[in-house]
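**Q** Here it is, the structure, as structure tokens.
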């Protein structure tokens, strides 16, 4: 049996001024933006953390620090592509990714297919290997009070060539 690894990631960002959010690489109109050093894409940040965790390489903040001026406002898809390149250089491939975005607002269901296409392209896999779910918290907690967004991601990696 080939060597396999599982990784889990979590990210959260607070709402602030703005007129859109970026989730899964998709710009979604909203009455607020997200406070972040990058574009604040909670889904991609959680996915990066899951990949880095499976590789045993720390977290996204270690690789892409929020005090690096070169990363101010960066498109998180670029960060994901860097992590995927590192994963491949280390001899691993993605088997599948499963994620959940936690948001009372904006509504995400109509945007999930585009998010899935973006992530599959950046991960270099078929869309069937990427699952994205969106849920609310039924008004509970910071997400339920519409103070911000969160995301969880889990990945399964296998050795390349297997």
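**Q** Out of all the residues in region 1-40, which are under 18 Å from residue 94 (Cβ atoms) and either in contact with a strand residue (DSSP E or B) (Cβ under 9 Å, 6 or more places away or on another chain) or part of a strand (DSSP E or B) (or both)?
**A** Matches in region 1-40: 2, 3, 4, 5, 6, 7, 8, 9, 24.
**Q** Could you count how many residues in region 14-46 are out of contact with any helix residue (DSSP H, G or I) (no Cβ under 6 Å at 6 or more places or on another chain) and on the phi > 0 side of the Ramachandran plot?
**A** Count: 2.
**Q** Oh, and also: Which of (1) more than 14 Å from residue 151 (Cβ to Cβ); (2) buried (at least 16 other Cβ atoms within 10 Å of the Cβ); (3) over 13 Å from the mean Cα position of the chain (by Cα) does residue 17 not meet, given it meets every other one?
**A** Condition not satisfied by residue 17: (2).
**Q** Could you list, in sequence order, all residues of region 60-91 that are without any contact (Cβ under 8 Å) to a residue 12 or more places away in the chain and either within 25 Å of residue 4 (Cα to Cα) or in contact with a helix residue (DSSP H, G or I) (Cβ under 7 Å, 6 or more places away or on another chain) (or both)?
**A** Hits for region 60-91 are 61, 62, 85, 89.
Throughout, read-outs are computed from the coordinates displayed, never taken from laboratory work. Predicted, not measured: the structure shown is a model, and the values here were computed from it. Virtual Cβ from ideal backbone geometry, glycine too; neighbours counted across all protein chains shown.
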